[in-house]
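**Q** This is the structure, below, for whatever I ask next.
The values are calculated or read from the model by the stated rules, or taken from the named source; none is laboratory data. Since this is a predicted model, take the numbers as computed values, not measurements. Ideal geometry is used to build each Cβ from the backbone, glycine not excepted, and the neighbour counts take in all protein chains shown.
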Amino acid sequence: MQRSEVEIFSDGACSGNPGPGGWGAILRWKGREKELSGGEKLTTNNRMELTAVIEALSALKFPCKVILTTDSRYVVDSVTKGWVYSWEKNGWKKGNKEPALNVDLWERLLPLLKAHEVQFKWIKGHAGHLENERCDALAVKMRDYYGAV
């Protein structure tokens, strides 16, 4: 069975690290788009980057072929270089025996990566990429909201 192709764009934002944060994502399928966003009062930028990816993949109703574009080296490198799989295999310890960060989110992301065929594409942030700028605006709006409440 051929999987539907979906494009996902995602970004996270945080004021302070930790501090209030937001995330934004755009899903594009067959010419239609859906925007998603959310945030937290006290979080980190990497947590928001991961959450954007998790929430976008979780929104898919069936297994898809996904091209996921993000400016997060943390997310892209952790998956494509296999770091997260090593951390998991080693009881969530990094190569230097320090605990891996954001284990709760990685444990949510890994099953989604198994359910979908995901190709990660890294792009430079704040460099005029249309969808990245839109995701950043969604993330910043939520960051500011959570920073004010």
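**Q** So which of Glu107, Glu117, Glu88 ends up being among the charged types (D, E, K, R), touching a residue at least 60 places away in the same chain (Cβ under 8 Å) and over 12 Å from Asp11 (Cβ atoms)?
**A** Only one candidate passes the filter, namely Glu117.
**Q** Out of the range 36-52, which residues are closer than 16 Å to Leu101 by Cα and under 12 Å from the mean Cα position of the chain (by Cα)?
**A** Asn45, Asn46, Arg47, Met48, Glu49, Leu50, Thr51
**Q** Still on this structure, I have one more. Consider Glu98 carefully, then state whether it is more than 18 Å from Ile8 (Cα to Cα), loosely packed, with under 13 Cβ neighbours inside 10 Å and acidic (Asp, Glu).
**A** Against the criterion (more than 18 Å from Ile8 (Cα to Cα), loosely packed, with under 13 Cβ neighbours inside 10 Å and acidic (Asp, Glu)), Glu98 qualifies.
**Q** Moving on. State whether one or more residues within the range 117-127 are closer than 25 Å to Pro63 by Cβ, of a type outside the set (Phe, Trp, Tyr) and assigned to a helix (DSSP H, G or I).
**A** no
**Q** Can I ask one more? Please work out which residue is nearest to Lys124 (Cα to Cα), limiting yourself to the range 42-85 and to residues that are acidic (Asp, Glu) and surrounded by fewer than 21 Cβ atoms within 10 Å (Cβ to Cβ).
**A** Filtering the range 42-85 for residues acidic (Asp, Glu) gives 49, 55, 71, 77.
Now narrow it down to the ones that are surrounded by fewer than 21 Cβ atoms within 10 Å (Cβ to Cβ): 55, 77.
Details: Glu55: 22, Asp77: 14 Å.
Here the residue is Asp77.
Each row is one residue, and each column tells you yes or no for (1) within 14 Å of the chain's Cα centre (by Cα); (2) within 17 Å of Asn132 (Cα to Cα); (3) modelled with pLDDT of 95 or more.
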position: Cys14; (1), (2), (3): yes, yes, yes
position: Pro18; (1), (2), (3): no, no, yes
position: Lys34; (1), (2), (3): no, yes, yes
position: Ala59; (1), (2), (3): yes, no, yes
position: Asn90; (1), (2), (3): no, no, yes
position: Gly95; (1), (2), (3): no, no, no
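**Q** Among the residues of the range 65-80, write down those that are in contact with a Leu (Cβ under 9 Å, 6 or more places away or on another chain) and part of a strand (DSSP E or B).
**A** Val66, Leu68
**Q** Which pairs have Cβ atoms under 7 Å, sit 6 or more apart or on different chains, and link a residue in the range 52-80 that is farther than 11 Å from Val6 by Cα to one that is among the basic types (Lys, Arg) and in a helix (DSSP H, G or I)?
**A** Cβ pairs passing all conditions: Ile54/Arg108.
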